[in-house]
Amino acid sequence: MDGPRGLALLDDVRREFDRTSLVVMDNFLRPEAVAQVAARVREDAETLGYRFTGANNVFLGTSAGAGGASDPAEVGRMHSKSTLAYDRIDPDSPLKALFHGEALLRFVSAVVGRPVFRSADPLGAMTVHVHHDRDEQDWHFDVSEYTAVLHLLAPEQGGVLEYVPRSRTAVEEDRDTLRAISAGERHSLTRELATTPGTLVLHSGRVSLHRVTPVHGATPRISATLSYNSIPGGRLNPYTRSLYFGRSQ
């Protein structure tokens, strides 16, 4: 990344990240690596993953609003998905090698413009999400500041990442906008990103409202999320751990 091509790439992705809080790196993983990882985590998620069905607080318990995580204005629709926690991902997985390698950490830091640290959460530092037929992820803001999402398997239909760039302040100040989005009304700034295996998506999910649309078909949508924060030791809150992993540790 220190050569002319690497520096030019960083300039491009920095500008895009500053503008939209999200950048896309196509062909980040080689096809053989994608196939290997997807097959293993798909198998592990069936036996070791947690199956969630419920509704989430849009701010995942991080809002300053008086109502807290149970505030009706902040609770979305019922949905389902499966999650493989960090401590149940194979220790020898290439995903963990990537997460703990210095190259990706330096890259994320360079893109966001400041040093970042890997999440220290025992369950949510890195996770694998599997969305089967009719599964989805409702609108929410992340607890971690930055998330690198690796697309591993694309569904036959659906499974689109929808996001509203840098929208947190707006929806915190205007609950009518939040209710409208949660009810299905499309915001004028909403962008879409299809699932493409091998792609890396780096985004600031704490400031940009986002969701995964319903998946349709026999092939699930599989992605891995690697979480980072600007301070060391960052962790999820108890609400989010209980919601998506069914346990606190």
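The values are calculated or read from the model by the stated rules, or taken from the named source; none is laboratory data. What you see is a predicted model, and the numbers here were worked out from it, not measured in a lab. With ideal geometry, Cβ positions are generated from the backbone for all residues, glycine too; neighbour counts draw on all protein chains shown. Quick note on the areas: whole protein, heavy atoms, side chains included, nothing else; ligands and nucleic acids left out. Shrake-Rupley method; radii C 1.70, N 1.55, O 1.52, S 1.80 Å.
Summary of values
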| item | result |
| --- | --- |
| Candidate set: region 1-15, residues that are out of contact with any helix residue (DSSP H, G or I) (no Cβ under 9 Å at 6 or more places or on another chain) and open to solvent by less than 80 Å² (accessible area, probe 1.4 Å); chosen: the one farthest from Pro197 (Cα to Cα) | Gly3 |
| Residue within region 112-126 that is of a type in the set (S, T, N, Q) and under 16 Å from the mean Cα position of the chain (by Cα) present | yes |
| Verdict on Gln137 being surrounded by fewer than 17 Cβ atoms within 10 Å (Cβ to Cβ) and in contact with a strand residue (DSSP E or B) (Cβ under 6 Å, 6 or more places away or on another chain) | no |
| Residues (within 26 Å of Val207 (Cα to Cα), open to solvent by 100 Å² or more (accessible area, probe 1.4 Å) and in a helix (DSSP H, G or I)) located in region 19-46 | Arg19 |
| Hits in region 210-224 (condition: in contact with an Asp or Glu (Cβ under 9 Å, 6 or more places away or on another chain) and not charged (D, E, K, R)) | His210, Val212, Thr213, Pro214, Val215, His216, Gly217, Ala218, Thr219, Pro220 |
